[in-house]
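Take a look at the structure set out below.
The values are calculated or read from the model by the stated rules, or taken from the named source; none is laboratory data. If you're wondering where the values come from, they're calculated on a predicted model, not measured in any experiment. Cβ placement follows ideal geometry from the backbone for every residue including glycine, while neighbour counts extend to all protein chains displayed.
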Ligand SMILES: NC(=O)c1ccc[n+]([C@@H]2O[C@H](COP(=O)([O-])OP(=O)(O)OC[C@H]3O[C@@H](n4cnc5c(N)ncnc54)[C@H](OP(=O)(O)O)[C@@H]3O)[C@@H](O)[C@H]2O)c1
């Protein structure tokens, strides 16, 4: 009897794992990227590392924008060895610091004549408690949305001058769990901090709304902006930011059992960065390399405009920093 039950459970688990993994569409584009420059944020691990590896393999100059140089340098060395592409380098970027974002962007503007691909990939799971950065901003929202918002704006002039070029924002299907969103309370000053799950989901909704408004503002410039859900992928994101100590091993086990490996998980962002099937496609949300509808809230143009304006205020975007 027990043998039958255990066998059935194992069969169901393996079936689910198989079904989820093998539905993934691999990016089949053969496009080479010699002479192109790509920036990938959070390329020291997980999906960002896999994306940087793929772009380097295609011959791009890859700038890995990472908060820990100690962690990222060996990853860059590994990518150079695996791909034979010497044009892979690490630059320091801490998205939870507006000063760091401005410094990184200025370094890029000083050294690069073109940017063809910007993958806004870095992210953290929601902070267990409301935590403000030195900028006085809630850390999950600053890392996942506001830092990328500022970075993209500061690089926009060069992205436009390099067109056709692409901005890819890594969001999540968890954005759809948000049933309300107040762009004028990104710091949780009016409402109580909603906890790690909700604050993560809200920051991921902000990624989608930012993409929609950015694509509107860039209409006709040759710069496209799209966002995506990579799938549930077995990476460090949960274990690095433990909410409850007992939850981390359970989550790690569940992710290892059911979720995608990073190679599969990175396919949609690689597809959006390189495929000619998405030449000129903009303002869309992708899952498994296909356009899908984001949540109703994420499609509200009024909300997207309000988020843009609130974000400009919070990052103190100066008029000379506006390139749209
Ligand atoms: N994994 C999933 O199931 C899943 C699902 C949906 C969406 N996503 C999204 O996918 C993206 C990549 O996540 P992942 O799963 O690959 O996680 P990961 O393995 O934890 O990688 C996250 C990357 O972001 C970097 N990062 C974190 N805070 C940063 C900061 N303040 N400044 C600069 N870089 C920072 C990390 O740097 P360190 O190495 O220094 O920590 C790391 O390189 C995130 O935006 C996440 O929300 C993931």
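Scanning for something touching a helix residue (DSSP H, G or I) at 6+ places or on another chain (Cβ under 9 Å), within 12 Å of the ligand (Cβ to nearest atom) and either at pLDDT 95 or above or at positive phi (or both), does the stretch 108-115 turn up at least one residue? Explain how you work it out, then say what you get.
Initial filter on the stretch 108-115 (touching a helix residue (DSSP H, G or I) at 6+ places or on another chain (Cβ under 9 Å)): 108-109, 112-115.
If we keep only those that are within 12 Å of the ligand (Cβ to nearest atom) as well, we get none.
No, that holds for no residue.
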Note: among 44, 29, just one is part of a loop (DSSP other than H, G, I, E, B) and away from the ligand (no atom under 15 Å from the Cβ), namely 29
Residue 237 being touching a helix residue (DSSP H, G or I) at 6+ places or on another chain (Cβ under 7 Å) and either part of a helix (DSSP H, G or I) or surrounded by fewer than 22 Cβ atoms within 10 Å (Cβ to Cβ) (or both)
yes
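Condition (residue is touching a residue at least 24 places away in the same chain (Cβ under 8 Å), more than 13 Å from the ligand (Cβ to nearest atom), touching a helix residue (DSSP H, G or I) at 6+ places or on another chain (Cβ under 9 Å) and not in a strand (DSSP E or B)) applied to the stretch 226-234: is it met by at least one residue?
If we filter the stretch 226-234 for residues that are touching a residue at least 24 places away in the same chain (Cβ under 8 Å), which is where we start, we get 226-234.
The next check asks that each one be more than 13 Å from the ligand (Cβ to nearest atom); those that pass are 226.
Pick out the ones that are also touching a helix residue (DSSP H, G or I) at 6+ places or on another chain (Cβ under 9 Å) and you get 226.
Those still in the list that are not in a strand (DSSP E or B) too: none.
Within the stretch 226-234, not a single residue is touching a residue at least 24 places away in the same chain (Cβ under 8 Å), more than 13 Å from the ligand (Cβ to nearest atom), touching a helix residue (DSSP H, G or I) at 6+ places or on another chain (Cβ under 9 Å) and not in a strand (DSSP E or B).
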In the stretch 242-265, anything more than 8 Å from the ligand (Cβ to nearest atom), part of a loop (DSSP other than H, G, I, E, B) and under 17 Å from residue 47 (Cβ atoms) is listed as 261
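Here is a yes/no grid of residues against (1) assigned to a helix (DSSP H, G or I); (2) within 22 Å of residue 52 (Cα to Cα); (3) without any contact (Cβ under 8 Å) to a residue 24 or more places away in the chain:
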{"site": "277", "(1), (2), (3)": "yes, yes, no"}
{"site": "291", "(1), (2), (3)": "no, no, yes"}
{"site": "298", "(1), (2), (3)": "yes, no, no"}
{"site": "302", "(1), (2), (3)": "yes, no, yes"}
{"site": "307", "(1), (2), (3)": "yes, no, no"}
{"site": "311", "(1), (2), (3)": "yes, no, no"}
{"site": "317", "(1), (2), (3)": "no, no, no"}
{"site": "320", "(1), (2), (3)": "yes, no, yes"}
(message) On the basis of being surrounded by fewer than 20 Cβ atoms within 10 Å (Cβ to Cβ) and under 25 Å from residue 67 (Cα atoms), does residue 147 make the cut?
(response) no
With the first residue restricted to the stretch 172-192 and required to be on the phi > 0 side of the Ramachandran plot, and the second required to be within 14 Å of the ligand (Cβ to nearest atom) and at pLDDT 95 or above, Cβ contacts under 8 Å at 6 or more apart or on different chains are 188/138; 188/199
Scanning the stretch 153-198 for residues that are within 15 Å of the ligand (Cβ to nearest atom), in a helix (DSSP H, G or I) and crowded, with 24+ Cβ neighbours inside 10 Å gives 175
Scanning the stretch 200-221 for residues that are out of contact with any strand residue (DSSP E or B) (no Cβ under 7 Å at 6 or more places or on another chain) and over 14 Å from residue 173 (Cα atoms), the one surrounded by the most Cβ atoms within 10 Å (Cβ to Cβ) turns out to be 212
